Amino acid sequence: MGQSESGPAGTTSGTAKERTLKVLFEIELPDDCSCPLSEPDADIENAQNQIDDGVCHAEVTVTDETGTARVLHSTNQVGDACLCLAFSEVGCVPRTRRVDGDSLFIETYVSDRSVISELVDQLQSAADRVRLRRLTSRQDDETESEPATVDLSCLTAKQREAAILAVDEGYYQTPRQTTLDELASTLDISKSALSQRLKAVESKLATAAFDP
């Protein structure tokens with residue numbers, strides 16, 4: 001995985017938009033995955049990819065046991081269960097930071113939190129597990145706190161939708177900027193249904209973040 005020069009449809013754009021949210025995912029790939037990063041035979045230093053007419057061209061820089069760096073090129077037919085396609089579908093550029101055992105640590109920038117939910121849905125079609133390791137903005141000082149690990153696979157799509165809306169609308173701020181009634185109206189569900197969803201989210205995320 002890495003960055004691609006083309007957009008989701010293989011086209012280029014002349015506009016540039018600032019993205020202030022940086023997301024670091026830990027992704028576990030299935031055993032039968034054809035991705036060149038799934039079973040590296042050396043330490044990966046960098047990875048870049050480009051999707052062209054349904055084919056993923058990947059260049060992976062690896063360092064072997066002697067410290068020698070090599071660039072490996074591979075081509076794979078893009079399928080539904082492909083990380084490259086998952087990031088491309090939501091217009092995100094992935095950057096592989098490292099590979100640790102069965103896990104890939106991939107970083108990307110998103111325009112807002114709603115894209116995270118959509119991206120997770122796409123990634124779960126290609127991965128065994130998707131964890132959010134860090135979510136930071138440009139205003140955050142990443143050196144002041146340790147990253148928390150949250151297993152996003154434990155949340156349903158509707159739970160993620162409710163949680164993202166609640167955060168964006170200021171439900172968890174002090175004082176609160178919105179109410180359950182207003183959020184429920186936006187989602188077109190009952191207040192009790194929303195309350196149950198948010199309680200489930202809070203319980204699952206607390207367990208995922210703090211359970212040893």
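The values are calculated or read from the model by the stated rules, or taken from the named source; none is laboratory data. Just so we're clear, the structure is a prediction, and the values are computed from it rather than from any experiment. Neighbour counts run over all protein chains shown; Cβ positions are idealised from the backbone, glycine included. The protein model used for the area step is the full one, side chains on, heavy atoms only, and it has no ligands, DNA or RNA in it. Shrake-Rupley method; radii C 1.70, N 1.55, O 1.52, S 1.80 Å.
Within region 63-81, restricting attention to residues that are part of a strand (DSSP E or B) and modelled with pLDDT of 75 or more, which residue is surrounded by the most Cβ atoms within 10 Å (Cβ to Cβ)?
First, pick out the residues of region 63-81 that are part of a strand (DSSP E or B): 63, 69-77.
Okay, now just the ones that are also modelled with pLDDT of 75 or more, so 63, 69-73, 75.
On the way: Thr63: 13, Ala69: 12, Arg70: 11, Val71: 11, Leu72: 15, His73: 9, Thr75: 10.
Checking each candidate, the answer is Leu72.
Restricting to region 75-96, name every residue that is under 13 Å from the mean Cα position of the chain (by Cα), on the phi < 0 side of the Ramachandran plot and not aliphatic (A, V, I, L, M). Reasoning before the result, please.
Filtering region 75-96 down to residues under 13 Å from the mean Cα position of the chain (by Cα) leaves 83-96.
Then drop every residue that is not on the phi < 0 side of the Ramachandran plot, which leaves 83-90, 92-96.
Listed by number, the residues that qualify are Cys84, Phe87, Ser88, Glu89, Cys92, Pro94, Arg95, Thr96.
Among the residues of region 170-212, what is the count of those that are within 20 Å of Val120 (Cβ to Cβ), at pLDDT below 90 and either open to solvent by less than 90 Å² (accessible area, probe 1.4 Å) or touching a Cys at 6+ places or on another chain (Cβ under 8 Å) (or both)? Counting residues in region 170-212 that are within 20 Å of Val120 (Cβ to Cβ), at pLDDT below 90 and either open to solvent by less than 90 Å² (accessible area, probe 1.4 Å) or touching a Cys at 6+ places or on another chain (Cβ under 8 Å) (or both) gives 10.
Is there a residue in region 143-155 that is charged (D, E, K, R), farther than 25 Å from Ala86 by Cα, loosely packed, with under 15 Cβ neighbours inside 10 Å and at pLDDT below 75? Within region 143-155 (the criterion being charged (D, E, K, R), farther than 25 Å from Ala86 by Cα, loosely packed, with under 15 Cβ neighbours inside 10 Å and at pLDDT below 75), the answer is yes, since at least one residue qualifies. For region 37-47, check the following and say yes or no: at least one residue is modelled with pLDDT of 70 or more and open to solvent by 80 Å² or more (accessible area, probe 1.4 Å). For region 37-47, residues modelled with pLDDT of 70 or more and open to solvent by 80 Å² or more (accessible area, probe 1.4 Å): absent.
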